[in-house]
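See structure below.
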Amino acid sequence: MKLLYVTSQSGRRINGFMRSAIIAARQLNIDFTIVSNMDHADKQLYEEDCRTYGIKAEHIDCDRNPLAKKNYTLAKKQLLDLMKREKYDVVHCNTPIGGVLGRICANKAKIPYVIYEAHGFHFWTGAPIKNWICYYPIERYMAHFTDMLITINDADYVQAKKFRLKKNGRVEKVPGVGVDLSKFDKEQRKTEKGEGIRLSLRKTWNIDPSAFVFVSVGELNDNKNQEVAIRALAKANDSNFYYLICGEGENRKYLVELAEQLGVGKQVKLLGFQSNIPEVLLACDCFVFTSFREGLPGALMEAMASGLPCIASKIRGCTDLLGDSDYLFDPKNADELADKMRSIVDKGERLREVTRNSNNVVNFDLDHAIQSLKKLYESVEDR
């Protein structure tokens, strides 16, 4: 079986977003090709990863902006030509743009089976009305070209079941893309080595060992909403609190200026891209996840696996992971977040949350995701 995995943008190299699909396919000896815009890929590292996994990669000139004209001209032509030339048996589409382009081209190329994996619909209960006006009709219409619609959280699964798919089409749910839990050992916090890492990084960051450190991991953009955590830090009014942000993005300058304006410039540290996230999490005391919209957030799963208590937005995806935690908050409410930041300092509260997280996250590890996709791919092969 030949499978084409469609996504809009590649990372610098093969990443966790697609790893479970690659491994599931290779375990079944499926011929696997990724197609995406590879302008941001490190060519050498990406080629090395492809050789390691035994897969192929192709480039198309698509853009993450749904209004970009080239998506529906140049990229569409490139993708359609690729499908006609290679005659794939299955197209597995991902991301909104990849999902639309992939399904349009697969229909024109008469691909036998089309999968769309929704990593978080852009419309949800409480979403801005413009999201419903723009994205909902598109997804509802594109479902007609879909044999299997895969969702990764409960809310999207319920919504997807209302769509009309192709004849004999079906909706499935998988536990996200999976997290490699072996990289995040919460027991290391209790070891001499773990303490050494904690002290060393805090010295690098110029943070006292006794300080209480909150941390976020993610792109600096409006959806990730780090602004609310900075505002909450100021409202918490505790000079022993620090807030670290790992990631880069367009909002960096704004966040730095906001922290200065609110008088917490020295307590907020933007660390940029970090390749050692397991060690960073080991050196911190609480993870803060502030997004307005997510599918099933991998960064939150990693924090749960690392043994950190987590304060997170009360949105779909986060509620799938954290269940009935008392540390879910309205992402627009800095006062509510400040209250939870003060509360989580209590050791008993932290222990309760860490125990809950450890029990929950095992259901979302990489192996679970691989086996879930493997069963779905097998069901396509057995048709």
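The values are calculated or read from the model by the stated rules, or taken from the named source; none is laboratory data. Since the structure is predicted, the reported quantities are computational estimates derived from the model, not experimental observations. Backbone-built Cβ (ideal geometry, glycine too); neighbour counts: all protein chains shown. These area figures cover heavy atoms from the full protein model, side chains too; ligands, DNA and RNA do not enter into them. Shrake-Rupley method; radii C 1.70, N 1.55, O 1.52, S 1.80 Å.
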Completion exercise
For the pair Gln261 and Lys69, the simple spin-label estimate (label points 7 Å beyond Cα toward Cβ) gives in nm 3.7
Exercise for the section: Using only the alpha carbons, work out the radius of gyration and Dmax of segment 257-365 in angstrom. Expected result: 14.0, 42
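If packing is taken as the average number of other Cβ atoms within 10 Å across a peptide's residues, how do 286-295, 183-192 rank, most packed first?
Numbers: 286-295: 23.7, 183-192: 13.7.
Per-residue mean Cβ counts within 10 Å order the peptides as 286-295, 183-192.
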Fill in the blank from the handout: Restricting to lysines and to Cα separations under 20 Å from Lys269, and discarding same-chain partners fewer than 8 apart, the set is Lys203, Lys224, Lys235, Lys253
Problem - Rounded tilt (10° steps) of 334-343 against the dominant C-alpha axis of the chain - result: 60
Completion exercise
Percent relative contact order for the chain, counting Cα pairs under 8 Å at least six residues apart, stands at 16
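Report the convex hull volume per residue for the chain, counting only C-alpha atoms, in Å³.
Details: hull volume 53.8 nm³, N = 383.
Spelled out: Cα convex hull of the chain, divided by residues, is 140 Å³.
Using a/c under 1.5 as the rounded threshold, could you call segment 200-338 rounded, prolate or oblate? The axes a ≥ b ≥ c are square roots of the C-alpha gyration tensor eigenvalues, and prolate needs a/b larger than b/c, oblate otherwise. It would help to have the intermediate numbers written out before the result.
Values: a/c = 1.39, a/b = 1.19, b/c = 1.17.
Rounded, because the longest to shortest axis ratio a/c is under 1.5.
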Practice task
Please work out the Kirkwood hydrodynamic radius for segment 213-260, using every pair of different C-alpha atoms, and report it in angstroms with one decimal place.
Solution key: 11.0
Practice task
Could you check the simple spin-label distance between Glu187 and Asn15, using points 7 Å along Cα→Cβ, in nm with one decimal?
Solution key: 3.1
Completion exercise
Kirkwood Rh over alpha-carbon pairs of segment 3-78 plugged into Stokes-Einstein at 25 °C, 0.890 mPa s gives a D in µm²/s of 191
Practice task
Quick one: net charge around Phe32, please, counting Lys, Arg +1 and Asp, Glu -1 for every other residue with C-beta under 9 Å from its C-beta.
Solution key: +2
Practice task
Give me the angle, in degrees from 0 to 90, between the Cα long axis of helix 347-361 and the longest principal axis of the Cα atoms of the chain, rounded to the nearest 10.
Solution key: 10
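What number, in percent, do you get for the relative contact order of segment 18-99 if the mean sequence gap of Cα pairs under 8 Å and at least 6 apart is divided by its residue count? Present the calculation step by step, with values, prior to reporting the outcome.
Numbers: 60 pairs, mean separation 19.7, N = 82.
It comes to 24 percent, rounded to a whole number.
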Fill in the blank from the handout: Hull surface over four for the Cα convex hull of segment 76-225, reported in nm², is 13.5
Fill in the blank from the handout: For the chain, longest principal axis from Cα atoms; helix 43-53 axis from its Cα atoms; angle between them, nearest 10 degrees, is 70
Practice task
Could you provide, to the nearest whole Å², the per residue accessible area of the chain with probe 1.4 Å?
Solution key: 46
